[in-house]
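Reading through the structure tokens given below for one structure.
The values are calculated or read from the model by the stated rules, or taken from the named source; none is laboratory data. Note that this is a predicted model, so its numbers are computed, not measured. Note that we place each Cβ from the backbone using ideal geometry, even for glycine, and neighbour counts take in every protein chain shown.
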Amino acid sequence: MERHFEREIDALKAQLLLMGGRAEQIVRKSIDALVRRDAELASSTFLDDKQIDRLEIDIEERCIRLFALQQPLATDLRFIMSALKISNDLERVGDHGVNIAQSAVRLAAEPMLKPLVDIPRMADLATSMLHDALDAYVRRDPETARRLCRRDDEVDNLNRQVFRELLSYMIESPSTITRAMELVLVARNLERVADLATNIGEDAVYLAEGKQIKHHFEDRSASAAG
């Protein structure tokens, strides 16, 4: 029975990593489609998202079976509970990738507003955060998780920078408003991907140490203790 439980946990880890890889891929593909102005490539992400949705359902069903049949305790219980939440976060990453792809489809038929530099940079940061967060979770590595949570500030700063630059375009030339707003939405979706990666990183710390670091809870607890 114990070996069966361990195999089920290993299978759950594998499903989460597979789902994470596909969520990361859909974001990268949508940004590639945006940069290349490739509406067909962007549209292909819609099928990818359905596969992510299917994985979320499979993970939920596996977690429910583990709860019902194994009655896990302590760390195993935290792992399964957080796996449920992480699968939902990854499904939302897929949705944000689809949102970006939809913007890419609309922009493919329009004249290019500006060379894209900061948005691909945001995508690289957000997807690398997602990759590292899942790795930290599966390996129960709280230090890697804490470091990636701090990287969220860099994505936020780039998001603000993109917004300021696009706002100046809209003020100077109202004809750019539609295209600029699409890019604002793209940046906002990437910022949300980074937020979701941060959530997973926080779950990795909780899994490894049983500590909550959401909303700077860890910092407040340390201050109170001091």
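Numbers below:
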read-out	value
Search result, residues across segment 54-79 that are closer than 17 Å to E209 by Cα and of a type in the set (F, W, Y)	F79
Failed item in (1) under 15 Å from the mean Cα position of the chain (by Cα); (2) farther than 26 Å from E182 by Cα, with E60 passing the rest	(1)
Some residue of segment 24-31 being in contact with a Phe, Trp or Tyr (Cβ under 8 Å, 6 or more places away or on another chain) and not β-branched (V, I, T)	no
Qualifying positions in segment 158-180 - without any contact (Cβ under 8 Å) to a residue 12 or more places away in the chain and under 18 Å from S103 (Cα atoms)	M170, S175, I177
Answer from A204, A224, A136 - the residue that is in contact with a Lys or Arg (Cβ under 8 Å, 6 or more places away or on another chain), of a type in the set (A, V, I, L, M), more than 23 Å from V98 (Cβ to Cβ) and modelled with pLDDT under 95	A204
Pick from segment 99-118, criterion surrounded by 19 or more Cβ atoms within 10 Å (Cβ to Cβ) and among the β-branched types (V, I, T), ranking: nearest to D49 (Cα to Cα)	I100
Number of the condition not met by R54 [criteria: (1) at pLDDT 95 or above; (2) buried (at least 19 other Cβ atoms within 10 Å of the Cβ)]	(2)
Scope segment 6-32; condition touching a residue at least 60 places away in the same chain (Cβ under 8 Å) and under 16 Å from L116 (Cα atoms); matching residues	V27, R28, K29, S30, I31
Out of N199, N189, sole residue that is more than 30 Å from P115 (Cα to Cα), under 22 Å from the mean Cα position of the chain (by Cα) and surrounded by 15 or more Cβ atoms within 10 Å (Cβ to Cβ)	N199
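For every residue, the table says whether it meets (1) hydroxyl-bearing (S, T, Y); (2) within 30 Å of M112 (Cβ to Cβ); (3) at pLDDT 90 or above; (4) assigned to a helix (DSSP H, G or I).
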position: H4; (1), (2), (3), (4): no, no, no, yes
position: L34; (1), (2), (3), (4): no, yes, yes, yes
position: D58; (1), (2), (3), (4): no, no, yes, yes
position: C63; (1), (2), (3), (4): no, no, yes, yes
position: P72; (1), (2), (3), (4): no, no, no, no
position: D76; (1), (2), (3), (4): no, no, no, yes
position: I86; (1), (2), (3), (4): no, no, yes, yes
position: R92; (1), (2), (3), (4): no, yes, yes, yes
